[in-house]
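Below is one structure, written out as structure tokens, with a few remarks after it.
Readers should treat all values here as calculations from the given coordinates under stated rules, not as data from a laboratory. It should be emphasised that the depicted structure is a prediction, and the values quoted were computed from it without experimental measurement. Cβ coordinates were reconstructed from backbone atoms using ideal geometry, including for glycine residues, and neighbour counts include every protein chain displayed.
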Amino acid sequence: MTAATALAVPRSERFVAGMRRRVALTGVSLVYVLLAPLALVLLCTLTVSLGVAVTGVGLLLLLVLVPLAAQLAGLHRRLAGRLLGVTIDAPYAPTARGSWWARLRGWAADPARWRDLAWTYVAVTLGWALAWLGVGLGLAVVWYAIFPGVYALVPEGTLANDYGFVNLDTQPEAYLNWVLLPVVFALWWWLEPVLVRCIAQLDRAMLAPSRAALERRVAEVSQSRAESIDHSAAELRRIERDLHDGAQARLVALGMNLGLAAELLENDPEAAARLLTEARDVTTSALGDLRSVVRGIHPPVLADRGLAGAVQALALDMAVPVSTTIVLAGRAPAPVESAVYFAVSELLANVGKHAAADRVSIDVSHDGRALVVVVEDDGVGGASPSGTGLSGVARRLTAFDGTMDVVSPAGGPTTITLEVPCALSSPRTSPSSATD
Amino acid sequence: MRVVIAEDLALLRDGLTRLLEAYGCEVVAAVENAEALAEALTRLEPDVAVVDVRMPPTFTDEGLRAAITARTRRPGLPVLVLSQYVEQLYARELLGSGDGAIGYLLKDRVADVATFVEAVRTVAAGGTVLDPEVVSALIARAPDDGPVSRLTSREREVLGLMAQGRSNAAIAAALFVTEKAISKHTSNIFMKLDLDPDDDSSNRRVMAVIAYLQS
């Protein structure tokens, strides 16, 4: 308490604020006390389920319990984050899509899920004890404050405090309990913030991403950054090649035709006319080349209509019927839109080349956390995520922490799910969200 | 005049063939990669080769390297290198590959058909032809307070055309003045740049100017 703050804020106001804060913190302790039984239930059921996992029933229970544990842990993360004034991120690896077995295996391989389990042990022991202490201190203050009043209300002899040297068993003596009130109040005043902070720190230590997880994340980010740099360098090289062999070469030919035509105009007007006609055709094809290069850099329809319109445009270009269901409440960031567009374009090209499908469906949505695109076809299946086309798609998405999941048994059908975490801007209904 | 053309894009290969044939050249071979070029150069012994820098299989500078290799095998083999970009580095390598009979032009120059064919003939005759872009970059990097800055703007123009490999007659035609006026300019230039004025044969003159500018 420095002189400066003492001057700025009157003592009484600071006291009121301090009281308010401690009353609130006592309430928080109570919340922690009430949440602990949930952790206890999870702890018991999780432990039992793991024990009987071999029977199959345990596995089914785990499918429900593991996400529930994550929910409870998430609540504690938010609470601790608010108390400590920090953001505590969820440390989980992305849950695998597809079969329940794949999901369970993914969870078993994720250290963060095991740390959730370890946390429930701590939450119902040390955490619960600290929370009770916090609540107890608050209750003690109230109890000592109202003791004489309560003494007067209850029948004689019900309440008697024998402190050894003095036995409080009369109404006047009951007022002597107020002597202890400042002691209890002081304890509450000093300890309540400390206790709640302890609980929050404990939760943070158990639930925040571990150092190993952060290191793994850094490794992932460096890897995906290197890949996206490689990728963009390759793209630039491709564009340079396209221009060099396409439009530029055609313009040279055009100049050559026109030059020769000019020379021939007098002596051989017919040949000159032929050259001019040819020159006109060359301009058309040069423009065509430029258009396709531009489309390869940033498709105009993507710029005009966003992802929803651009995906529909891709669908219309396909020889097989493609149904699109696009539900987007806004637009994803431009780089994400572009990456997803080219990913979908590549997937559709793959379908066209290899799948021999009769029907394709594209489903684009946003689940509040990530943009989700599901491309499904009824073709021959057997698509390999490690093939050049699909691994290129995955590489495109890693730059945005996106994932690609391929389910393609031999004989089909093939379902490819793309997920790119992002927020949608401008919450308006996209005008082109429709089904065709 | 027997010409070998090496260009990987069919559109341009055919265009060049047609153009040179229209001007009375005999195109003895039109090939699409460096290997076939090397083979054609040894087998057909043409008077001049017109070579694209970038060709299969790596699409980098095969044409350039093939030209330089061919010139080490047969010194003085006339080669005109065409490219969609000009690089000072490539110009240096080409000029360093022997005395004269070398050309380096942007592909754009083929549109000026007569000048292009003239360039092919110059190279075939042992002359040196450099693209105006190469020359203007060379002149631009001459120090501001050096001897080049002492030239009048007309003299600089003449210097540029000289470095491109034009003869006095061609420079006179391009600038719409008499040949006599040009020779006055050239001797002024030689004096101001402290070059040997006796070096008046067309090719040695170009080499002297370029050597001066590249130093």
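So here's what we get for this one:
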quantity: Segment B:53-122: C-alpha pair distances exceeding 18 Å, %; calculated: 38 percent
quantity: B:Val48 long-range amide H proximity, modeled H, under 5 Å; calculated: B:Arg2, B:Val4
quantity: Spread of Cα-to-Cα distances over 10 Å intervals beginning at zero, given as percent, for segment A:233-357; calculated: 12, 29, 26, 17, 12, 5, 1
quantity: Span from the segment B:108-127 Cα centroid across to the segment A:313-371 one, whole angstrom; calculated: 53 Å
quantity: Dipole in debye (nearest 20) - the protein assembly as shown, about Cα centre, beta carbon charges: Lys, Arg +1; Asp, Glu -1; calculated: 2260 debye
quantity: Candidates B:Leu95, B:Leu11, B:Leu44, ranked by Gaussian network fluctuation over chain B, Cα under 10 Å, top entry; calculated: B:Leu11
quantity: Distribution of pairwise C-alpha distances over segment A:301-421, 5 Å bins, in %; calculated: 2, 12, 24, 25, 21, 11, 4, 0
quantity: For A:Phe147, A:Phe15, B:Phe59, order by how many other beta-carbon atoms lie within 10 Å, fewest first; calculated: A:Phe15, B:Phe59, A:Phe147
quantity: Coarse-grained scattering of segment A:9-207 at q = 0.11, 0.16 Å⁻¹, given as base-10 log I(q)/I(0) from a Debye sum over alpha-carbon atoms; calculated: -0.67, -1.00
quantity: 222 nm mean residue ellipticity, helices alone, for the protein assembly as shown (DSSP H n ≥ 4; -39,500 (n - 2.57); rounded to 500); calculated: -20000 deg cm²/dmol
quantity: For chain B, built as a Gaussian network whose Cα springs stay under 10 Å, the top-fluctuating residue of B:Asp14, B:Asp108, B:Asp144; calculated: B:Asp144
quantity: Exposure proxy order (Cβ contacts within 10 Å, fewest to most) of B:Thr17, B:Thr122, B:Thr42, A:Thr325; calculated: B:Thr42, A:Thr325, B:Thr17, B:Thr122
quantity: Mean projection area, nm², convex hull over Cα of chain B; calculated: 11.4 nm²
quantity: Interchain or long-range residues, amide H under 5 Å from A:Leu371's placed H; calculated: A:Val420, A:Cys422
quantity: Exposure proxy ranking, count of Cβ atoms within 10 Å, fewest first, for A:Thr414, A:Thr398; calculated: A:Thr398, A:Thr414
quantity: Amide H contacts under 5 Å for B:Val129, placed H, 5+ residues apart; calculated: B:Ile102, B:Gly103, B:Tyr104
quantity: Computed over segment B:2-130, the ratio Rg/Rh where both radii use C-alpha atoms and Rh is Kirkwood; calculated: 0.91
quantity: Pairwise centroid distance, computed over Cα atoms, of segment A:224-265 with segment A:61-102, Å; calculated: 52 Å
quantity: Taking the convex hull of Cα positions in segment B:135-214, its mean projected area over all directions (nm²); calculated: 4.5 nm²
quantity: Mean projected area in nm² (Cα convex hull; one quarter of hull surface) for chain A; calculated: 37.8 nm²
quantity: Candidates B:Arg18, B:Arg204, B:Arg43: whichever shows maximal mean-square fluctuation once chain B is modelled as a Gaussian network with Cα springs under 10 Å; calculated: B:Arg43
